[in-house]
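The values are calculated or read from the model by the stated rules, or taken from the named source; none is laboratory data. All values derive from a computational prediction rather than experimental measurement. Every residue, glycine among them, receives a Cβ derived from its backbone with ideal geometry; neighbour counts consider all protein chains shown.
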Amino acid sequence: MIRFSKVTKAYPRRGKALDDISFQVEKGEFVFITGHSGSGKSTALRLLHFAERPTDGEVRVSGFSSTVTSDRELWKLRRRVGMVFQDFRLLPGRTARDNVEFALEVTGTRRGEIVSRSNRLLSQVGLAAKSGARVEELSGGEQQRVAIARALANEPQVLLADEPTGNLDERASRGIMDLFRELNASGMAILMATHDLELVRAHPAIRLLELSQGRLAFDSSLGVVTEAPPGPEAPDRTAAPVLPGGEV
Amino acid sequence: MHAFREAANAVRRAPFLTVLSAAMVALALYVVGIFGVATFNLHQALQRIEERVEVVAYLRDGARPSEITLLEEDVLRMEEVRGVRFVSKEDALEAARRDLPEFEELFVGLDSNPLPASIEIELLEGFRTPNAVARVAERLTIYPFVEDVRYGQEWVDRLYLLQRIGGLATLILGGAFAVVAALIIGTAIRIAIFARREEIFVMRLVGATNGFVRRPFLLEGAFTGALGGAMAVGFTWFTYQLISRAIFRLEWIPLSWILSGVAGGALFGLMASGLAVRRYLQEV
């Protein structure tokens, strides 16, 4: 489903954000990508969404290759891979329903289907009762749920989440994690970047990829991968590894 | 259909921004419009003067009518010539009396008519240049019964110089105004699109095709440009009326110029939108 093959991403001024990284994620897996600030977590997710291309190596996602897929074909990948962000990236001034319907409309869903699908998506994320509220009137957790509903609009096979609980309190974070686990249980692969070690420790069964200085320092399914120095707040690596496709 | 709906929604959601952008476009095109009115009137004035360029062949008193007819036929065959008019000695005297009343006493009690008969030759547009006029004049001198040929060489030279300066000024100033207008329109549209960059981000995020993302913005840009063009026509018309009534009479520009201005605004808006959206499309 997802394969990073010897991926390096370098920027002219910053240097290497990712350095010769390889890993694989199977269908239905839930993976945490962790590491301290600047370790390359967000870069990895941007590469998975083809928002950027690797300097070297290949990223494969749902049958799309970073070396073959052109920019003109990106929309096909984006309909199979949903993405949510720490800052939600919702359209301000519009309702929760408008935000979800916008995603359905711009991907060519028929008018008649849009309302029923947005109702279903908002119910799925537990926001049916607040569908008419403007996003500014919603709490952080609720806004993130709208963003998740939007990301699910095209029924993606993979969900990428870049620090989705970063702006949320503990209770809201727990709610988002519960939602992710439900989605994962239905067969969706989820890759979630986070630096919240409490959250990681609270879910020891979820596979953990730890990045450090752009290198893959630890993969809980394999054990220690490289000799790269771990981050200053490295999680407990004695956590039990999870096999690909394993239950959370 | 989505593109039209989204473009209309964008205008409805942020009417102030649309009007502000259109006003910026209008001000840019207003300057072009005023320049257009000035250029058009200068061109008309020069054309009116140019139409008076003609060659006059003065005939000897002994020229026979058959020779004059032959000359007229020869002249009419020249590619530069639109028409000829024979002015008899009597007609010349009558015209002199009519046109030069201050010299009235000169023409009283004459034993004989001192003025020569002549042929006035009107030239076609495009052949009123110094070279073409001199060429026609030169050809007339070969006829022995033609005593003199006049066309006001200095006057024609000056007129030609004035026309060339006018043409060059139109090209340089008009080009400069058009470039400035294009830059202002581009900036105005970019501001409008900057305000909606989050929409572009979301559209790309969820898998809208580039064409799908682009179309509503192109329509919106074209609409803003056309609206600005129409507002510029209104401002220019108001200024034209003001000058015509208070200072001197001007002619209003032709409809084709107005339509070109509005279409130009729409085209600039469309292009500026396309460029601005392209930038954001590359960011996601």
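A few notes on this one:
- Test for A:S39: is it away from chain B (no Cβ under 12 Å) and either assigned to a loop (DSSP other than H, G, I, E, B) or buried (at least 19 other Cβ atoms within 10 Å of the Cβ) (or both): yes
- Members of region B:244-280 found to be touching a residue at least 40 places away in the same chain (Cβ under 8 Å) and polar (S, T, N, Q), listed by number: B:S273
- Checked against (1) free of Cβ contacts under 8 Å to residues at least 24 places away in the same chain; (2) assigned to a helix (DSSP H, G or I), B:A208 passes all but condition (2).
- Answer from A:L74, A:L91 - the residue that is under 17 Å from B:E198 (Cβ atoms) and either facing another protein chain (nearest Cβ under 9 Å) or out of contact with any helix residue (DSSP H, G or I) (no Cβ under 9 Å at 6 or more places or on another chain) (or both): A:L91
- B:F194 exposed (fewer than 15 other Cβ atoms within 10 Å of the Cβ) and of a type in the set (F, W, Y): yes
- Hits in region A:95-122 - residues which are out of contact with any Leu (no Cβ under 9 Å at 6 or more places or on another chain) and within 9 Å of chain B (Cβ to nearest Cβ): A:E105, A:V106, A:T107, A:G108
- Among the candidates A:R94, A:R80, A:R60, residue that is surrounded by 14 or more Cβ atoms within 10 Å (Cβ to Cβ), modelled with pLDDT of 95 or more and touching a strand residue (DSSP E or B) at 6+ places or on another chain (Cβ under 9 Å): A:R60
- Counted residues, region B:206-220 - those being crowded, with 21+ Cβ neighbours inside 10 Å, over 35 Å from the mean Cα position of the chain (by Cα) and either of a type in the set (F, W, Y) or at the interface with chain A (Cβ under 7 Å from one of its Cβ atoms) (or both): 3
- Screening A:E163, A:E182 for residues that are surrounded by 19 or more Cβ atoms within 10 Å (Cβ to Cβ) and modelled with pLDDT under 95 leaves exactly one candidate, A:E163.
- Failed condition for B:M203, given (1) surrounded by fewer than 20 Cβ atoms within 10 Å (Cβ to Cβ); (2) without any contact (Cβ under 8 Å) to a residue 40 or more places away in the chain; (3) in a helix (DSSP H, G or I): (1)
- A:E73 meets the conditions (1) without any contact (Cβ under 8 Å) to a residue 24 or more places away in the chain; (2) crowded, with 16+ Cβ neighbours inside 10 Å in every case but one. The failed one is (2).
- Here the condition is being over 30 Å from B:L218 (Cβ atoms) and crowded, with 19+ Cβ neighbours inside 10 Å; of B:E67, B:E6, B:E50, B:E54, it holds for B:E54 alone.
- Complete set of residues in region A:63-113 that are among the small types (G, A, S) and more than 17 Å from the chain's Cα centre (by Cα): A:G63, A:S65, A:S66, A:S70, A:G93, A:A96, A:A103, A:G108, A:G112
To keep it simple, each residue is scored yes or no on (1) touching a helix residue (DSSP H, G or I) at 6+ places or on another chain (Cβ under 8 Å); (2) surrounded by 10 or more Cβ atoms within 10 Å (Cβ to Cβ).
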position	(1), (2)
B:F103	yes, yes
B:F107	yes, yes
B:D111	no, no
B:S118	yes, yes
B:E122	no, yes
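- Applying the set (1) surrounded by fewer than 20 Cβ atoms within 10 Å (Cβ to Cβ); (2) over 20 Å from A:V61 (Cβ atoms) to A:S212 leaves exactly one unmet item: (1).
- In region B:148-163 there is no residue matching the filter, namely being farther than 30 Å from B:N131 by Cβ and either within 12 Å of another protein chain (Cβ to nearest Cβ) or part of a loop (DSSP other than H, G, I, E, B) (or both).
- Whichever residue in region A:135-154 is away from chain B (no Cβ under 13 Å) and outside any helix (DSSP H, G or I) and, among such residues, is farthest from A:Q86 (Cα to Cα): A:L138
- Selected residue (only one of B:A195, B:A181 is out of contact with any Lys or Arg (no Cβ under 8 Å at 6 or more places or on another chain), in contact (Cβ under 8 Å) with a residue 60 or more places away in the chain and within 14 Å of another protein chain (Cβ to nearest Cβ)): B:A195
- Being modelled with pLDDT of 85 or more and within 14 Å of chain A (Cβ to nearest Cβ) holds for only one residue in B:V202, B:V136, and it is B:V202.
- Among (1) closer than 21 Å to A:A128 by Cβ; (2) among the charged types (D, E, K, R); (3) surrounded by fewer than 22 Cβ atoms within 10 Å (Cβ to Cβ); (4) touching a helix residue (DSSP H, G or I) at 6+ places or on another chain (Cβ under 8 Å), the one test that A:E105 misses: (3)
- B:G234 of a type outside the set (K, R) and farther than 19 Å from B:T39 by Cα: no
Residues are listed down the side, and each one gets a yes or a no for (1) surrounded by fewer than 21 Cβ atoms within 10 Å (Cβ to Cβ); (2) without any contact (Cβ under 8 Å) to a residue 40 or more places away in the chain; (3) more than 30 Å from A:L216 (Cβ to Cβ):
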residue: A:K16; (1), (2), (3): yes, no, no
residue: A:G35; (1), (2), (3): no, no, no
residue: A:L47; (1), (2), (3): no, no, no
residue: A:T69; (1), (2), (3): yes, yes, no
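- Selection within region A:154-202: residues that are of a type in the set (D, E) and in contact (Cβ under 8 Å) with a residue 40 or more places away in the chain. The member of this set that is nearest to B:M203 (Cα to Cα) is A:D162.
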